[in-house]
Amino acid sequence: SQTIHQWPATLVQPVGSPLSLECTVEGTSNPNLYWYRQAAGRGLQLLFYSVGIGQISSEVPQNLSASRPQDRQFILSSKKLLLSDSGFYLCACQTGGSMGETQYFGPGTRLLVL
Amino acid sequence: AQKITQTQPGMFVQEKEAVTLDCTYDTSDQSYGLFWYKQPSSGEMIFLIYQGSYDEQNATEGRYSLNFQKARKSANLVISASQLGDSAMYFCAMRELPSNTGKLIFGQGTTLQVKP
């Protein structure tokens, strides 16, 4: 079964600074990869997803971007962070495209922008 | 547009009792999938159970069962014999066609607290 790693686990950044969050997956190949953001006590909002290397789909217009340089690596970036970028960022992985295919999640990164 | 609604922000249940967490959904598709995830305080999302729109039987996984009422567009999670470790936030999610992207839409979640 797949294992999803995310780092860093926690990050405190000043407004206007750049951001790079990394997600790597083990135990599977050619997965679909996802970035979600969760505000405190709220549901998950899908930010980006990728069905293959270099293929990124954006769900929400914002100052964040995503890249997939390798099959099992997914990176979330920003050139200049905003206060509203604070939240809990979760990477998820899915192998296969059937309706019932389960998405598995990493441990998440807590980002606080000050 | 598809939507998931969880109307219970917080729930309490006594240890060893059963509890039902509500989830209603809105979709115009005939083919869709419904998922429940558990999020403990650590933050990681843990998959619990899945129900397909064409499944004739309600899904069950150990102490978890899904009360699927298609005509009412509801997919409530039932946890039997609650344990202290069940205290967490619970999310209902839906997937529509095309399923190859795997996109999930999540509800706002229900916080469950199990009392000893």
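The values are calculated or read from the model by the stated rules, or taken from the named source; none is laboratory data. Just so it is clear, the structure is predicted and the values come from calculations on it, not from any experiment. Heads up, the Cβs are rebuilt from the backbone with ideal geometry, glycines too, and the neighbour counts pull from every protein chain shown. Note: accessible area is taken over every heavy atom of the protein model, side chains too, but ligands, DNA and RNA are not part of it. Shrake-Rupley method; radii C 1.70, N 1.55, O 1.52, S 1.80 Å.
Worth a mention:
- Cysteines without a disulfide-compatible partner [the protein assembly as shown; Cβ-Cβ under 4.7 Å]: A:Cys93
- Phi-based couplings in Hz for the range B:103-111 (Karplus 6.51, -1.76, 1.60; Gly and Pro marked x): 4, 10, 10, 9, x, 7, x, 10, 8
- With a Förster radius of 45 Å applied to the C-beta separation of B:Thr7 and A:Gln70, the computed FRET efficiency comes to 0.60.
- Pair-distance distribution of the range A:17-83: all C-alpha pairs, bin width 10 Å, starting at 0; shares per bin in whole percent are 20, 51, 25, 3.
- Between A:Gln2 and B:Glu17, the modelled labels are 3.9 nm apart [label points 7 Å from Cα along Cα→Cβ].
- Label-point gap, in nm, between A:Leu114 and A:Ala40 - each point 7 angstrom along Cα→Cβ: 1.5
- Per residue, the Cα convex hull of chain B amounts to 100 Å³.
- Paramagnetic reach from A:Ser17 (point 7 Å along Cα→Cβ, amide N under 19 Å) across the range A:39-69: A:63-65
- Student exercise, the protein assembly as shown dipole from Lys, Arg, Asp, Glu Cβ charges, in Debye to nearest 20: 460
- Equivalent ellipsoid dimensions for the protein assembly as shown as semi-axes, Å, which come from the Cα gyration tensor, largest first: 30, 21, 16
- Note on chain B: with a GNM built from Cα contacts shorter than 10 Å, the maximum mean-square fluctuation among B:Thr20, B:Thr101, B:Thr60 falls on B:Thr101.
- For B:Ser99, the shell of other residues with beta-carbons less than 13 Å away shows a net charge of -1, using +1 for Lys and Arg and -1 for Asp and Glu.
- Counting only protein heavy atoms and a 1.4 Å probe, the range B:3-116 has 47 square angstrom of accessible area per residue.
- GNM on chain B, alpha-carbon springs under 10 angstrom: the most fluctuating residue among B:Gln51, B:Gln69, B:Gln39 is B:Gln69.
- List A:Ile53, B:Ile46, B:Ile79, ordered by accessible area with a 1.4 Å probe, largest first: A:Ile53, B:Ile46, B:Ile79
- Taking N as its residue count, the alpha carbon Rg of chain A over 2.2 N^0.38 Å: 1.01
- Distance between the range B:75-116 and the range A:45-110 - C-alpha centres, whole angstrom: 21
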